[in-house]
1. Given (1) surrounded by 10 or more Cβ atoms within 10 Å (Cβ to Cβ); (2) assigned to a helix (DSSP H, G or I), identify the lone condition not met by residue 62.
2. For the range 6-26, which positions are at pLDDT below 95 and exposed (fewer than 10 other Cβ atoms within 10 Å of the Cβ)?
3. Does residue 29 satisfy being surrounded by 10 or more Cβ atoms within 10 Å (Cβ to Cβ), out of contact with any strand residue (DSSP E or B) (no Cβ under 9 Å at 6 or more places or on another chain), in a helix (DSSP H, G or I) and without any contact (Cβ under 8 Å) to a residue 40 or more places away in the chain?
């Protein structure tokens, strides 16, 4: 069995880590807002595409 090797990874100062974490949180919030708006827009497009066909099918069923 091979022995594990230790690697040292340099870290930013704590204040810089907090700044980076805050920036990541802000960007994730932006991504969430964009995702929600795209989802609403996509939902609207799907509804616009499907609703007329669904209503037409319902009318045909009623008139049959």
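1. The failed condition is (1).
2. Those that are at pLDDT below 95 and exposed (fewer than 10 other Cβ atoms within 10 Å of the Cβ): 6, 7, 8, 9, 10, 11.
3. Criteria met by residue 29.
The values are calculated or read from the model by the stated rules, or taken from the named source; none is laboratory data. Small disclaimer: the values here were computed from a predicted structure and weren't measured. Heads up, the Cβs are rebuilt from the backbone with ideal geometry, glycines too, and the neighbour counts pull from every protein chain shown.
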